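Just below is one structure, and these are the notes that go with it.
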Amino acid sequence: VIFQSPNIWYSTITIDHGSSSGVRVNDPVIADEQLIGKVTWVASDGAVVSLITDSEVEVTAKLSATGAVGLVQPEVGEPGRLLMQIYQPSTTSPVPGDYVVTAGKISSRGDSLYPKGIPIGQVTSVNEQRGFKSVEVSPLADLHSLEDVQVLTYTSGSRAASVSNLAASLTPARQVSPEEEAQGGQV
């Protein structure tokens with residue numbers, strides 16, 4: 001790490017490796033085997049990493065205890081805190097101390113394919129409204145004093161490269177026309 005954002009949100013860092021080292025936009029970044037963010041800008045000799053506390057970063061994650069899947073994003077107005085929205089019903093409720101890990105799935109266009117099972121944080125509290133659970137998550141990594149990080153890259157032709165290219169090529173969802181629907185078509 002050669003630069004860390006000086007603001008209270010600690011939302012970006014700059015690293016001294018770039019495209020000449022195989023680093024690409026959307027590559028996941030870890031420190032001490034814990035997820036800290038993803039690459040959002042690359043030059044030949046450096047890159048900018050947006051941390052998981054940056055408002056532009058979303059991570060598809062799951063609770064390691066129950067397997068419930070949701071989306072982890074920064075909590076509005078709370079630097080250093082994350083919020084996980086759980087969208088699938090779960091028979092057991094998360095409890096403080098449960099670990100949140102990457103799910104190994106892509107949630108949206110341009111999102112990183114984070115490998116499955118990278119630790120993100122621990123549940124600090126649970127809120128349930130109308131069948132949906134929101135879980136406050138405290139990041140495991142110390143995002144305030146990052147010195148060495150690891151960018152998870154992939155080689156051309158690998159499965160991760162194929163999935164990443166597919167995700168980047170997806171277009172936003174569109175409505176099915178009446179003609180397509182009548183023919184049983186699906187977009």
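Looking at the structure I just gave you, is residue 44 small (Gly, Ala, Ser) and under 13 Å from residue 121 (Cβ atoms)?
On the way: small (Gly, Ala, Ser): yes; under 13 Å from residue 121 (Cβ atoms): no.
No.
Could you grab me the full set of residues in region 50-68 that are of a type outside the set (Ser, Thr, Tyr) and either touching a Gly at 6+ places or on another chain (Cβ under 8 Å) or farther than 11 Å from residue 12 by Cβ (or both)?
First, the residues of region 50-68 that are of a type outside the set (Ser, Thr, Tyr): 51-52, 54, 56-59, 61-63, 65, 67-68.
Residues satisfying the conditions are 51, 52, 54, 57, 58, 59, 61, 62, 63, 65, 67, 68.
The number of residues in region 63-92 being open to solvent by less than 50 Å² (accessible area, probe 1.4 Å) and either at pLDDT 90 or above or within 17 Å of the chain's Cα centre (by Cα) (or both) comes to 14.
Restricting attention to region 26-63, which residues are under 17 Å from residue 3 (Cα atoms), assigned to a loop (DSSP other than H, G, I, E, B) and of a type in the set (A, V, I, L, M, F, W, C)?
As a first pass, look at region 26-63 and keep what is under 17 Å from residue 3 (Cα atoms): 29-31, 36-54.
In the following step, the residues that additionally are assigned to a loop (DSSP other than H, G, I, E, B) were identified as 44-45, 52-54.
Within region 26-63, just 52 meets the criteria.
When region 12-25 is filtered for residues that are part of a loop (DSSP other than H, G, I, E, B) and open to solvent by less than 40 Å² (accessible area, probe 1.4 Å), the ones remaining, listed by number, are 18, 22, 23.
Does residue 95 count as at pLDDT 65 or above, open to solvent by 40 Å² or more (accessible area, probe 1.4 Å), farther than 29 Å from residue 6 by Cα and part of a strand (DSSP E or B)? Explain how you work it out, then say what you get.
Details: at pLDDT 65 or above: yes; open to solvent by 40 Å² or more (accessible area, probe 1.4 Å): yes; farther than 29 Å from residue 6 by Cα: yes; part of a strand (DSSP E or B): no.
For residue 95, the condition - at pLDDT 65 or above, open to solvent by 40 Å² or more (accessible area, probe 1.4 Å), farther than 29 Å from residue 6 by Cα and part of a strand (DSSP E or B) - is not met.
Picking from residues in region 138-165 that are at pLDDT 70 or above and among the hydrophobic types (A, V, I, L, M, F, W, C), the one that is farthest from the chain's Cα centre (by Cα) is 146.
Look at region 59-80: where a residue is basic (Lys, Arg) and a partner is modelled with pLDDT under 90, sitting 6+ places away or on another chain with Cβ atoms under 7 Å, you get 62/68; 62/69.
The values are calculated or read from the model by the stated rules, or taken from the named source; none is laboratory data. Since we're looking at a predicted model, the values are computed, not measured. Virtual Cβ from ideal backbone geometry, glycine too; neighbours counted across all protein chains shown. Remember, those area values only see protein heavy atoms, side chains included, never the ligands or the DNA or RNA. Shrake-Rupley method; radii C 1.70, N 1.55, O 1.52, S 1.80 Å.
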